[in-house]
Amino acid sequence: MKAVFRREFKAYFSSPLGYVYIVIFLVASGFLTLSRDFGRMLELRQADLASFFDYLPWLFVVLVPAVAMRLWAEERKSGTVELLLTLPITLEGAYLGKFLAGWSFLGVSLFLTWPVAYQAARLGNPDWGVVLSGYLASLLTAGAFLAVGMLFSALSRNQVVAFILAVAASVAFLLLGLPQTLETIGNLLGGYVEQLFASLSLVDHFEALSRGLVELRSLVFFFLFTIGWLASGMLVLDRTRAT
Amino acid sequence: MEGYSKPAAGELLIEVQDLAKHYGPIRAVDGISFEVRRGDVLGFLGPNGAGKTTAMKMITGFVEPDRGSVRVAGHDLANASLEARRKIGYLPETAPAYGEMTVAGFLEFVAEARGIDNIAAALDRVVQAAALGRVVHQTIETLSKGFQRRVSLAQALIHDPEVLILDEPTDGLDPNQKASVQELITSLSAGRAIVLSTHILDEAERVCNRALVISEGRILVDSTPEALIAKAPNHNVMRLVLDSTALPDLMTSLEGKPWCDRVERLSETTIDIYPQRGENHLGALMELTAGLEIHSIHLQEGRLNELFRDITRGVEA
């Protein structure tokens, strides 16, 4: 797993793709944070990162599938999956190695947003516990979307198809947590189902964490969500690897 | 398979039992069984789509068989997959490698994944063996197809494996590179079991000490290349060119010889003499023609291609 992790992590920086991704992520997140139409951080002049964190999940639904799409689709298309899975590495080890590399890369991208935190510190005295909790929420959300994207990358040899399917699935999970969606579900299927869907909402757990509410149920949610998608992705890869 | 001889026995390194794989209605491999011993270089011969590559993918653990079992160096691939895979060096048909990596970086990755302690020494050994010194710091995607195949061969050798599975190892190489890879395979054969697939029959003849002819997922012949050649239609046929006046008497005399199967007259001065059972009777012919004015005698070697065509045509029919 270590060898796969190292190879994959280096691969992000051995082609322009990784740098392009980081630049797009930083520019887009900066724009959403500072824009008068979105985060309005400079106008609100609040010493917190709510303006930054609020829009991150929406940025992730597009950008994380871009990181995930190549992870298996490219291996299958180029045939290197045959090389990789005949090495003395378990499929699970290879899968987790790639996931951790992608997640670490996303972590590096998030780390590079430190100037936003610096700006908040210039505006006042931010609650650093809340800031850290927000970064934890962002990292967990990025990992969750990465696990979703990896499944579709294992499903299709075509990176574009994998990307579109991953974006669609990620958007669906975000929409599921919106009040309008939940209300519609409640009207159609009843209050119990509405509550069930609300408890599965990624947005709710993200928002709770990003506001400094570090609850076990949110951590367990992200853990189970990510592990569930990873395990499903491993099953898919096991079925599709030789096709 | 009657009449074909097998090489002497060594330690069993590959045991394949009743291996089968279907892709929907297509029968890719249909219950093949064979063993490969230390020192064997086994050639998988067969037309495209015969099942050679699928069989290799199952032996390396990449494809799960529908039925049957594979043991590599005593490890059952189904129950001890990692142990079995540690013993195998594998060159897939497309010689895949990570194009954005340098040759050295790629080989280091494979060495690390295989848990090799002295990576630098392993790298030196395979770079030398596969003659990659000139390109070791180049990215793989910038290399020619021949070099890319050699890089893939190098990764298969990096852990000095007991079992080598090579799918079309010389495909895409120029004649000099082919010869050098064939020499390398021959030099590696001592102490290892090597399985290679090829549709170049001359290659099997040059490199292998055993040959499996596969067609439509089934093993048709398990033999040595030499024994196969001996079964080839023109093996040890003698072409004789001599003075036309001596020909009728010689033909009469040849037809009375027990070692002569038949004589075919090709022209006024040329005949082909077919020996019984493809045996070599050049000495007897020389005795018989002593004193005659001989222009030339040519002893033909049976070509594997001819036998291969005969065998596989039979199956297709």
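Here B:L13 clears all of (1) at negative phi; (2) within 13 Å of another protein chain (Cβ to nearest Cβ) except the condition numbered (2).
For B:G61, the conditions (1) away from chain A (no Cβ under 11 Å); (2) buried (at least 18 other Cβ atoms within 10 Å of the Cβ); (3) more than 18 Å from the chain's Cα centre (by Cα); (4) closer than 26 Å to B:A122 by Cα are fulfilled apart from (1).
In this structure, is A:V160 surrounded by fewer than 16 Cβ atoms within 10 Å (Cβ to Cβ), touching a residue at least 60 places away in the same chain (Cβ under 8 Å) and outside any loop (DSSP other than H, G, I, E, B)? Answer is yes for this residue. Which of the residues that make up the stretch B:135-144 are within 14 Å of chain A (Cβ to nearest Cβ) and in a helix (DSSP H, G or I)? Once the filter is applied, which keeps residues that are within 14 Å of chain A (Cβ to nearest Cβ) and in a helix (DSSP H, G or I), the stretch B:135-144 yields B:I140, B:E141, B:T142.
When each of A:R40, A:R7 is tested for being within 23 Å of A:L155 (Cβ to Cβ), over 15 Å from the mean Cα position of the chain (by Cα) and of a type in the set (K, R), the lone residue that passes is A:R7. Scan the stretch A:12-32 and tell me whether some residue there is crowded, with 21+ Cβ neighbours inside 10 Å and within 11 Å of another protein chain (Cβ to nearest Cβ). Taking every residue of the stretch A:12-32 in turn, at least one turns out to be crowded, with 21+ Cβ neighbours inside 10 Å and within 11 Å of another protein chain (Cβ to nearest Cβ). Taking the criterion of being at the interface with chain B (Cβ under 10 Å from one of its Cβ atoms) and surrounded by fewer than 22 Cβ atoms within 10 Å (Cβ to Cβ), the only residue of the stretch A:55-76 that qualifies is A:E74.
For the stretch B:96-112, a residue qualifies if it is in contact with a Leu (Cβ under 8 Å, 6 or more places away or on another chain), more than 8 Å from every other protein chain (Cβ to nearest Cβ) and surrounded by fewer than 23 Cβ atoms within 10 Å (Cβ to Cβ), and the qualifying residues are B:A104, B:E108, B:A111.
Among the residues of the stretch B:76-92, those that are buried (at least 17 other Cβ atoms within 10 Å of the Cβ), more than 8 Å from chain A (Cβ to nearest Cβ) and of a type outside the set (G, A, S) comprise B:L77, B:K87, B:L91. At least 1 residues being within 14 Å of another protein chain (Cβ to nearest Cβ) is the threshold, and among the helices (runs of 4 or more DSSP H) wholly inside the stretch A:178-243 those reaching it are A:216-240. Against the numbered list (1) more than 14 Å from chain B (Cβ to nearest Cβ); (2) surrounded by fewer than 20 Cβ atoms within 10 Å (Cβ to Cβ), A:F52 comes up short only at (2). In the stretch A:69-147, counting only helices (runs of 4 or more DSSP H) that sit wholly within it, the ones holding 2 or more residues that are over 24 Å from the mean Cα position of the chain (by Cα) span A:80-84, A:114-123. Selection of the stretch A:63-93 for residues being free of Cβ contacts under 8 Å to residues at least 60 places away in the same chain and under 19 Å from A:P16 (Cβ atoms) yields A:L63, A:S78.
Here, each number is a calculation from the coordinates, and none is a lab measurement. Note that the structure is predicted; figures quoted are calculated from it, not measured. So basically every Cβ, Gly included, is an ideal-geometry build from the backbone, and we count neighbours across all protein chains shown.
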